[in-house]
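The structure appears below as C-alpha coordinates.
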Amino acid sequence: TVREFMVTILSKSHADRNVYPSAGVLFVHVLEREYFKGEFPPYPKAGDSSNDPITFNTNLKGYPDRPGWLRYIQRTSHSDGVLYGSPTAEHVGKPTIIEITAYNKRTFETARHNLVINIMSTEEFPLPYQAEFFIKNINVEEMLASEVLGDFLGAVKNVWQPERLNAINITSALDRGGRVPLPINDLKEGVYVMVGADVQFSSCLREVETPQNQLRCSQEMEPVISCDKKFRAQFHIDWCKISLVDITKVIPVHSNRPDLGTGVLPDIGEYNPPSESLKSRDYFADFLITLAVPSAVALVLFIILGYSLCCRREGVEKRNMQTPDIQLVHHSSIQKSTKELRSMSKNREISWPLSTLPVFHPVSGEVVPPIHPDNYETTSMPLMQTQTNLQSQIQIPQQQSSGK
(Lines give C-alpha, C1' and ligand atoms only; values in the text may rest on other atoms or scores of the structure.)
Protein backbone atom coordinates (compact mmCIF):
# COMPACT_ATOMS: atom_id res chain seq x y z
CA THR A 1 0.00 0.00 0.00
CA VAL A 2 1.07 3.50 -0.71
CA ARG A 3 1.36 5.62 2.39
CA GLU A 4 0.22 9.19 2.72
CA PHE A 5 2.59 11.57 0.98
CA MET A 6 2.10 14.62 3.20
CA VAL A 7 2.88 14.87 6.89
CA THR A 8 2.51 18.66 6.95
CA ILE A 9 0.84 19.96 10.10
CA LEU A 10 -1.80 22.64 9.57
CA SER A 11 -3.28 24.17 12.70
CA LYS A 12 -5.27 27.19 13.82
CA SER A 13 -4.02 29.69 16.37
CA HIS A 14 -5.29 29.27 19.93
CA ALA A 15 -4.04 30.47 23.28
CA ASP A 16 -1.13 28.42 24.66
CA ARG A 17 -1.63 25.62 22.21
CA ASN A 18 0.74 22.66 21.88
CA VAL A 19 1.67 21.37 18.44
CA TYR A 20 3.81 18.33 17.60
CA PRO A 21 5.62 18.62 14.27
CA SER A 22 8.07 16.01 13.03
CA ALA A 23 11.73 16.66 12.34
CA GLY A 24 12.51 16.97 8.66
CA VAL A 25 8.87 17.59 7.68
CA LEU A 26 7.38 20.93 6.69
CA PHE A 27 5.53 22.62 9.57
CA VAL A 28 2.81 25.21 8.87
CA HIS A 29 0.83 27.14 11.47
CA VAL A 30 -1.86 29.66 10.45
CA LEU A 31 -2.54 32.76 12.56
CA GLU A 32 -6.18 33.59 11.83
CA ARG A 33 -7.37 37.14 12.23
CA GLU A 34 -10.93 35.99 12.96
CA TYR A 35 -9.86 34.35 16.19
CA PHE A 36 -8.01 37.43 17.47
CA LYS A 37 -10.90 39.76 16.64
CA GLY A 38 -12.69 38.40 19.70
CA GLU A 39 -9.86 39.74 21.85
CA PHE A 40 -10.57 43.33 20.84
CA PRO A 41 -13.66 45.51 21.47
CA PRO A 42 -16.30 45.48 18.71
CA TYR A 43 -17.17 48.36 16.44
CA PRO A 44 -19.09 51.25 18.10
CA LYS A 45 -22.10 50.85 15.84
CA ALA A 46 -23.97 47.57 15.96
CA GLY A 47 -24.29 45.76 12.67
CA ASP A 48 -21.08 47.20 11.13
CA SER A 49 -18.82 44.62 9.62
CA SER A 50 -15.67 44.24 11.68
CA ASN A 51 -12.61 44.36 9.43
CA ASP A 52 -9.91 45.64 11.75
CA PRO A 53 -6.35 45.77 10.39
CA ILE A 54 -4.41 43.29 12.52
CA THR A 55 -0.71 42.50 12.29
CA PHE A 56 1.29 39.86 14.15
CA ASN A 57 4.68 39.77 15.78
CA THR A 58 6.28 36.42 16.57
CA ASN A 59 9.39 35.72 18.61
CA LEU A 60 10.96 33.02 20.73
CA LYS A 61 10.06 33.55 24.36
CA GLY A 62 12.79 35.56 26.04
CA TYR A 63 14.43 36.47 22.70
CA PRO A 64 13.76 39.21 20.13
CA ASP A 65 13.43 36.91 17.10
CA ARG A 66 12.24 33.46 16.07
CA PRO A 67 14.39 30.32 15.81
CA GLY A 68 16.50 30.03 12.70
CA TRP A 69 14.38 27.29 11.13
CA LEU A 70 11.05 29.11 11.60
CA ARG A 71 9.84 31.81 9.19
CA TYR A 72 6.82 34.10 9.24
CA ILE A 73 4.92 35.91 6.50
CA GLN A 74 1.88 38.19 6.33
CA ARG A 75 1.28 40.18 3.16
CA THR A 76 -1.20 42.77 4.46
CA SER A 77 -2.88 43.67 7.72
CA HIS A 78 -6.14 42.21 6.34
CA SER A 79 -4.69 38.75 5.62
CA ASP A 80 -3.79 35.88 7.92
CA GLY A 81 -0.24 35.31 9.11
CA VAL A 82 1.61 32.04 8.57
CA LEU A 83 4.44 30.43 10.54
CA TYR A 84 6.32 27.81 8.53
CA GLY A 85 9.61 25.98 8.51
CA SER A 86 11.36 22.64 8.71
CA PRO A 87 12.78 21.62 12.12
CA THR A 88 15.86 19.44 12.22
CA ALA A 89 16.92 16.58 14.45
CA GLU A 90 18.87 19.00 16.65
CA HIS A 91 15.60 20.43 17.97
CA VAL A 92 14.01 17.10 18.93
CA GLY A 93 12.89 16.97 22.54
CA LYS A 94 13.31 20.71 23.14
CA PRO A 95 10.01 22.56 23.58
CA THR A 96 10.01 25.81 21.64
CA ILE A 97 7.69 28.51 23.00
CA ILE A 98 6.72 31.14 20.43
CA GLU A 99 5.10 34.35 21.67
CA ILE A 100 2.43 35.62 19.25
CA THR A 101 1.42 39.25 19.68
CA ALA A 102 -1.51 40.64 17.68
CA TYR A 103 -1.74 44.42 17.08
CA ASN A 104 -5.07 46.04 16.27
CA LYS A 105 -4.30 49.18 14.27
CA ARG A 106 -7.79 50.60 14.81
CA THR A 107 -7.90 50.47 18.61
CA PHE A 108 -4.12 50.25 19.19
CA GLU A 109 -4.64 47.30 21.50
CA THR A 110 -2.65 44.08 21.67
CA ALA A 111 -3.34 40.44 22.48
CA ARG A 112 -0.70 37.84 23.28
CA HIS A 113 -0.76 34.04 23.14
CA ASN A 114 1.87 31.33 23.34
CA LEU A 115 2.47 28.52 20.87
CA VAL A 116 4.42 25.56 22.25
CA ILE A 117 6.17 23.55 19.52
CA ASN A 118 7.21 20.05 20.58
CA ILE A 119 9.40 18.58 17.85
CA MET A 120 9.10 14.81 17.51
CA SER A 121 11.59 12.43 15.97
CA THR A 122 10.65 10.17 13.06
CA GLU A 123 12.17 7.00 11.70
CA GLU A 124 11.74 8.18 8.15
CA PHE A 125 13.97 11.21 8.67
CA PRO A 126 15.80 12.00 6.59
CA LEU A 127 14.47 10.64 3.32
CA PRO A 128 17.46 9.69 1.12
CA TYR A 129 16.35 11.28 -2.17
CA GLN A 130 15.49 14.97 -2.18
CA ALA A 131 14.41 17.15 -5.09
CA GLU A 132 13.94 20.92 -5.03
CA PHE A 133 11.63 22.57 -7.56
CA PHE A 134 11.35 26.26 -8.43
CA ILE A 135 7.76 27.27 -9.23
CA LYS A 136 7.57 30.63 -11.01
CA ASN A 137 3.85 31.42 -10.93
CA ILE A 138 3.13 31.08 -7.18
CA ASN A 139 4.09 33.08 -4.10
CA VAL A 140 5.10 31.45 -0.86
CA GLU A 141 1.87 32.20 1.03
CA GLU A 142 -0.15 30.70 -1.82
CA MET A 143 1.98 27.56 -1.77
CA LEU A 144 1.52 27.17 1.98
CA ALA A 145 -2.21 26.60 1.53
CA SER A 146 -3.01 22.95 2.12
CA GLU A 147 -4.96 22.57 -1.12
CA VAL A 148 -2.21 24.00 -3.35
CA LEU A 149 0.58 22.11 -1.61
CA GLY A 150 -1.45 18.90 -1.81
CA ASP A 151 -2.00 19.34 -5.55
CA PHE A 152 1.72 19.86 -6.12
CA LEU A 153 2.73 16.81 -4.09
CA GLY A 154 0.13 14.78 -5.98
CA ALA A 155 1.66 15.81 -9.31
CA VAL A 156 5.16 14.96 -8.04
CA LYS A 157 3.90 11.60 -6.83
CA ASN A 158 2.51 10.75 -10.27
CA VAL A 159 5.87 11.52 -11.85
CA TRP A 160 8.14 10.00 -9.19
CA GLN A 161 6.03 7.04 -7.99
CA PRO A 162 7.50 6.75 -4.46
CA GLU A 163 6.12 4.91 -1.44
CA ARG A 164 6.77 7.82 0.91
CA LEU A 165 6.76 11.45 -0.18
CA ASN A 166 7.05 14.39 2.19
CA ALA A 167 7.32 18.13 1.80
CA ILE A 168 10.59 19.05 3.51
CA ASN A 169 10.82 22.81 3.15
CA ILE A 170 9.42 25.83 1.34
CA THR A 171 11.46 28.98 0.66
CA SER A 172 10.50 32.22 -1.04
CA ALA A 173 12.59 33.24 -4.04
CA LEU A 174 13.26 36.56 -2.28
CA ASP A 175 15.12 34.67 0.46
CA ARG A 176 17.37 33.18 -2.24
CA GLY A 177 18.38 36.56 -3.66
CA GLY A 178 15.52 36.96 -6.12
CA ARG A 179 14.14 40.36 -7.11
CA VAL A 180 10.72 41.73 -6.32
CA PRO A 181 8.69 41.44 -9.55
CA LEU A 182 7.12 44.43 -11.23
CA PRO A 183 3.42 44.95 -10.48
CA ILE A 184 2.39 44.11 -14.06
CA ASN A 185 0.83 41.08 -15.69
CA ASP A 186 0.23 39.50 -12.28
CA LEU A 187 3.87 38.49 -11.90
CA LYS A 188 4.81 36.32 -8.91
CA GLU A 189 7.93 36.12 -6.79
CA GLY A 190 8.30 32.36 -7.14
CA VAL A 191 8.88 29.72 -4.49
CA TYR A 192 11.31 26.85 -3.92
CA VAL A 193 9.72 23.58 -2.75
CA MET A 194 11.86 20.71 -1.50
CA VAL A 195 10.36 17.23 -1.35
CA GLY A 196 11.86 13.94 -0.24
CA ALA A 197 11.16 10.35 -1.25
CA ASP A 198 12.40 6.85 -0.52
CA VAL A 199 13.06 5.70 -4.11
CA GLN A 200 15.46 6.70 -6.87
CA PHE A 201 14.66 9.70 -9.06
CA SER A 202 12.45 8.89 -12.02
CA SER A 203 13.67 9.05 -15.59
CA CYS A 204 11.58 12.17 -16.18
CA LEU A 205 13.37 14.06 -13.42
CA ARG A 206 16.71 12.87 -14.78
CA GLU A 207 15.99 14.31 -18.22
CA VAL A 208 17.18 17.73 -17.10
CA GLU A 209 20.71 16.29 -16.67
CA THR A 210 21.07 15.31 -20.33
CA PRO A 211 23.65 17.25 -22.40
CA GLN A 212 20.96 18.59 -24.73
CA ASN A 213 18.92 20.10 -21.90
CA GLN A 214 22.04 21.39 -20.16
CA LEU A 215 22.97 23.19 -23.38
CA ARG A 216 19.50 24.68 -23.67
CA CYS A 217 19.69 25.88 -20.07
CA SER A 218 23.07 27.52 -20.70
CA GLN A 219 21.46 29.38 -23.64
CA GLU A 220 18.55 30.48 -21.40
CA MET A 221 16.11 28.24 -23.27
CA GLU A 222 13.52 25.96 -21.70
CA PRO A 223 14.60 22.31 -21.62
CA VAL A 224 12.44 19.61 -23.13
CA ILE A 225 10.92 17.56 -20.27
CA SER A 226 8.40 14.86 -21.08
CA CYS A 227 6.49 15.12 -17.79
CA ASP A 228 6.19 18.91 -17.76
CA LYS A 229 2.61 18.66 -19.02
CA LYS A 230 1.59 17.05 -15.74
CA PHE A 231 2.57 20.27 -13.90
CA ARG A 232 1.86 22.90 -16.57
CA ALA A 233 -1.86 23.14 -15.89
CA GLN A 234 -1.27 24.68 -12.43
CA PHE A 235 2.47 24.96 -11.80
CA HIS A 236 5.06 26.55 -14.08
CA ILE A 237 8.33 24.86 -13.10
CA ASP A 238 11.74 26.23 -14.06
CA TRP A 239 13.44 22.93 -14.88
CA CYS A 240 16.84 24.57 -15.22
CA LYS A 241 16.79 25.32 -11.48
CA ILE A 242 15.76 21.86 -10.29
CA SER A 243 18.12 20.28 -7.77
CA LEU A 244 18.40 16.51 -7.27
CA VAL A 245 20.34 15.36 -4.19
CA ASP A 246 21.08 11.81 -3.09
CA ILE A 247 22.15 12.21 0.53
CA THR A 248 23.43 8.63 0.63
CA LYS A 249 26.28 9.71 -1.67
CA VAL A 250 27.01 13.02 0.02
CA ILE A 251 30.30 12.96 1.91
CA PRO A 252 29.76 14.48 5.34
CA VAL A 253 32.15 17.23 6.33
CA HIS A 254 32.99 17.36 10.01
CA SER A 255 34.23 20.67 11.29
CA ASN A 256 35.91 21.01 14.64
CA ARG A 257 33.99 23.74 16.37
CA PRO A 258 35.68 25.49 19.27
CA ASP A 259 34.26 25.14 22.75
CA LEU A 260 31.98 28.12 23.21
CA GLY A 261 32.16 27.93 26.99
CA THR A 262 29.60 29.21 29.43
CA GLY A 263 29.66 32.78 28.17
CA VAL A 264 30.51 34.19 31.61
CA LEU A 265 33.71 36.18 32.09
CA PRO A 266 36.05 35.05 34.86
CA ASP A 267 36.02 36.97 38.12
CA ILE A 268 39.04 39.30 38.11
CA GLY A 269 37.97 41.57 40.93
CA GLU A 270 36.24 44.91 41.05
CA TYR A 271 36.72 47.49 38.35
CA ASN A 272 38.85 50.44 39.37
CA PRO A 273 38.13 53.49 37.20
CA PRO A 274 40.83 56.15 36.72
CA SER A 275 40.95 59.02 39.20
CA GLU A 276 39.16 62.26 38.42
CA SER A 277 42.28 64.41 39.04
CA LEU A 278 44.48 64.26 35.94
CA LYS A 279 48.11 65.36 35.91
CA SER A 280 49.07 68.43 33.90
CA ARG A 281 51.07 67.84 30.76
CA ASP A 282 53.68 70.01 29.01
CA TYR A 283 52.99 70.31 25.28
CA PHE A 284 56.08 72.42 24.41
CA ALA A 285 58.04 69.41 23.19
CA ASP A 286 55.11 68.34 21.05
CA PHE A 287 54.97 71.86 19.61
CA LEU A 288 58.63 71.76 18.65
CA ILE A 289 58.27 68.39 16.99
CA THR A 290 55.11 69.19 15.04
CA LEU A 291 55.66 72.86 14.08
CA ALA A 292 59.14 74.22 14.80
CA VAL A 293 61.16 71.41 13.23
CA PRO A 294 59.21 71.31 9.90
CA SER A 295 59.31 75.13 9.75
CA ALA A 296 63.09 75.18 10.21
CA VAL A 297 63.59 72.57 7.50
CA ALA A 298 61.33 74.53 5.12
CA LEU A 299 63.30 77.77 5.83
CA VAL A 300 66.63 76.09 5.04
CA LEU A 301 65.28 74.72 1.80
CA PHE A 302 63.90 78.16 0.87
CA ILE A 303 67.30 79.81 1.45
CA ILE A 304 69.08 77.21 -0.65
CA LEU A 305 66.56 77.61 -3.48
CA GLY A 306 66.80 81.43 -3.36
CA TYR A 307 70.62 81.35 -3.47
CA SER A 308 70.54 78.99 -6.43
CA LEU A 309 68.09 81.14 -8.40
CA CYS A 310 69.26 84.67 -7.52
CA CYS A 311 72.93 84.59 -6.48
CA ARG A 312 74.34 82.18 -9.02
CA ARG A 313 73.08 83.73 -12.26
CA GLU A 314 75.72 83.76 -15.03
CA GLY A 315 74.87 87.11 -16.67
CA VAL A 316 75.33 88.23 -20.28
CA GLU A 317 79.03 89.03 -19.99
CA LYS A 318 79.92 85.70 -18.46
CA ARG A 319 77.83 83.96 -21.06
CA ASN A 320 79.62 85.77 -23.89
CA MET A 321 83.00 84.95 -22.39
CA GLN A 322 82.20 81.27 -22.30
CA THR A 323 80.68 81.27 -25.81
CA PRO A 324 83.02 80.61 -28.80
CA ASP A 325 83.74 83.64 -31.06
CA ILE A 326 82.49 81.95 -34.20
CA GLN A 327 79.10 81.34 -32.53
CA LEU A 328 78.85 85.00 -31.50
CA VAL A 329 79.67 86.09 -35.08
CA HIS A 330 76.95 83.87 -36.48
CA HIS A 331 74.44 85.18 -33.95
CA SER A 332 75.34 88.82 -34.73
CA SER A 333 75.07 88.27 -38.48
CA ILE A 334 71.62 86.73 -38.06
CA GLN A 335 70.44 89.77 -36.08
CA LYS A 336 71.81 92.20 -38.67
CA SER A 337 70.17 90.30 -41.53
CA THR A 338 66.84 90.30 -39.72
CA LYS A 339 66.96 94.08 -39.17
CA GLU A 340 67.93 94.70 -42.80
CA LEU A 341 65.03 92.58 -44.10
CA ARG A 342 62.59 94.44 -41.89
CA SER A 343 63.79 97.86 -43.14
CA MET A 344 63.61 96.70 -46.76
CA SER A 345 60.06 95.44 -46.34
CA LYS A 346 58.91 98.93 -45.36
CA ASN A 347 60.42 100.61 -48.44
CA ARG A 348 59.39 98.10 -51.09
CA GLU A 349 57.06 99.31 -53.90
CA ILE A 350 53.57 97.85 -53.86
CA SER A 351 50.48 98.63 -55.91
CA TRP A 352 48.24 101.31 -54.57
CA PRO A 353 44.97 100.16 -53.06
CA LEU A 354 41.83 100.94 -55.02
CA SER A 355 40.69 103.38 -52.36
CA THR A 356 43.76 105.57 -53.04
CA LEU A 357 43.31 105.87 -56.83
CA PRO A 358 41.76 109.03 -58.37
CA VAL A 359 37.99 109.11 -58.47
CA PHE A 360 35.45 111.21 -60.35
CA HIS A 361 33.08 113.74 -58.85
CA PRO A 362 29.53 112.33 -58.92
CA VAL A 363 28.00 115.64 -60.15
CA SER A 364 30.57 117.68 -62.01
CA GLY A 365 32.64 114.80 -63.36
CA GLU A 366 35.90 116.36 -62.26
CA VAL A 367 38.80 114.21 -61.18
CA VAL A 368 39.19 114.21 -57.40
CA PRO A 369 42.71 113.58 -56.08
CA PRO A 370 43.27 110.71 -53.67
CA ILE A 371 42.90 111.26 -49.98
CA HIS A 372 46.47 110.28 -49.20
CA PRO A 373 49.54 112.14 -50.35
CA ASP A 374 52.27 110.40 -52.34
CA ASN A 375 54.77 110.41 -49.53
CA TYR A 376 52.36 108.59 -47.17
CA GLU A 377 53.53 105.17 -45.92
CA THR A 378 51.82 102.59 -48.11
CA THR A 379 51.82 99.87 -45.52
CA SER A 380 49.37 101.79 -43.30
CA MET A 381 46.93 102.94 -45.99
CA PRO A 382 43.27 101.91 -45.56
CA LEU A 383 41.64 100.02 -48.37
CA MET A 384 38.42 102.06 -48.32
CA GLN A 385 37.66 105.67 -47.63
CA THR A 386 35.39 106.48 -44.76
CA GLN A 387 32.09 108.23 -45.31
CA THR A 388 33.25 111.27 -43.34
CA ASN A 389 36.32 111.81 -45.57
CA LEU A 390 34.21 111.45 -48.71
CA GLN A 391 31.76 114.10 -47.51
CA SER A 392 34.61 116.51 -46.75
CA GLN A 393 36.06 116.05 -50.25
CA ILE A 394 32.85 116.05 -52.28
CA GLN A 395 31.31 119.51 -52.74
CA ILE A 396 27.96 119.61 -54.52
CA PRO A 397 27.73 122.88 -56.60
CA GLN A 398 24.79 125.12 -55.72
CA GLN A 399 22.21 125.72 -58.41
CA GLN A 400 22.02 129.26 -59.72
CA SER A 401 18.70 131.11 -59.84
CA SER A 402 16.86 131.26 -63.14
CA GLY A 403 16.95 135.08 -63.25
CA LYS A 404 20.76 135.33 -63.53
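The values are calculated or read from the model by the stated rules, or taken from the named source; none is laboratory data. Since this is a predicted model, take the numbers as computed values, not measurements. We place every Cβ from the backbone using ideal geometry, glycine too, and count neighbours over all the protein chains shown. Areas reflect the complete protein model, heavy atoms only, side chains present, ligands, DNA and RNA absent. Shrake-Rupley method; radii C 1.70, N 1.55, O 1.52, S 1.80 Å.
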_Which pairs turn up if I take residues in region 22-40 that are under 26 Å from V193 (Cα atoms) and in contact (Cβ under 8 Å) with a residue 60 or more places away in the chain and look for partners that are of a type in the set (F, W, Y) and open to solvent by 30 Å² or more (accessible area, probe 1.4 Å) with beta carbon separation below 6 Å, at least 6 apart in sequence or on another chain?_
A23/F125; G24/F125
_For region 13-23, give me the residue count where each residue is part of a loop (DSSP other than H, G, I, E, B) and either at pLDDT below 85 or open to solvent by 70 Å² or more (accessible area, probe 1.4 Å) (or both)._
5
*Consider S202 carefully, then state whether it is open to solvent by 40 Å² or more (accessible area, probe 1.4 Å) and of a type in the set (G, A, S).*
no
*For region 236-334, which helices (runs of 4 or more DSSP H) that fit wholly inside it have 1 or more residues that are modelled with pLDDT of 80 or more and among the β-branched types (V, I, T)?*
293-306
*Go through region 155-188 and give me each residue that's farther than 13 Å from V199 by Cβ, open to solvent by less than 20 Å² (accessible area, probe 1.4 Å) and part of a helix (DSSP H, G or I).*
A155, A173
*Answer yes or no as to whether F201 is assigned to a strand (DSSP E or B) and not small (G, A, S).*
no
*Here is a list of conditions, (1) outside any strand (DSSP E or B); (2) closer than 29 Å to E32 by Cα; (3) out of contact with any Gly (no Cβ under 8 Å at 6 or more places or on another chain), and E207 meets all of them except one; can you say which number that is?*
(2)
*In region 84-140, which residue that is open to solvent by less than 60 Å² (accessible area, probe 1.4 Å) and among the aromatic types (F, W, Y) is farthest from the chain's Cα centre (by Cα)?*
Y129
*State which residue pairs qualify: first residue among the β-branched types (V, I, T) and inside region 247-276, second residue modelled with pLDDT of 75 or more and not in a loop (DSSP other than H, G, I, E, B) in any location, beta carbons under 8 Å apart, and separation of 6 or more residues or different chains.*
I247/Y129; I247/Q130
*Please state which one of T88, T58 is of a type in the set (V, I, T), in contact (Cβ under 8 Å) with a residue 40 or more places away in the chain and out of contact with any strand residue (DSSP E or B) (no Cβ under 6 Å at 6 or more places or on another chain).*
T88
*Just give me the residues in region 35-50 being within 16 Å of S77 (Cβ to Cβ), modelled with pLDDT of 75 or more and open to solvent by less than 80 Å² (accessible area, probe 1.4 Å), in sequence order.*
Y35, F36, K37, F40
*Mind checking whether some residue in region 131-148 is more than 17 Å from Q234 (Cβ to Cβ) and not in a loop (DSSP other than H, G, I, E, B)?*
yes
*When residues of region 211-228 are filtered for being part of a loop (DSSP other than H, G, I, E, B) and crowded, with 16+ Cβ neighbours inside 10 Å, how many remain?*
2
_I'd like to verify a number: residues in region 179-223 that are touching a strand residue (DSSP E or B) at 6+ places or on another chain (Cβ under 8 Å) and closer than 24 Å to V28 by Cβ, how many?_
10
*Among the listed residues N169, N185, N158, which satisfies the condition of being at pLDDT 90 or above and more than 26 Å from A23 (Cβ to Cβ)?*
N158
_Residue selected from region 58-70 under the condition in contact with an Asp or Glu (Cβ under 8 Å, 6 or more places away or on another chain) and outside any loop (DSSP other than H, G, I, E, B), by the criterion most open to solvent (accessible area, probe 1.4 Å)_ = L60
*Spot the failing condition for K249; the list is (1) surrounded by 12 or more Cβ atoms within 10 Å (Cβ to Cβ); (2) within 24 Å of L127 (Cβ to Cβ), and only one is missed.*
(1)
*Going through region 210-220 one residue at a time, which ones are at pLDDT 90 or above and not polar (S, T, N, Q)?*
P211, L215, R216, C217
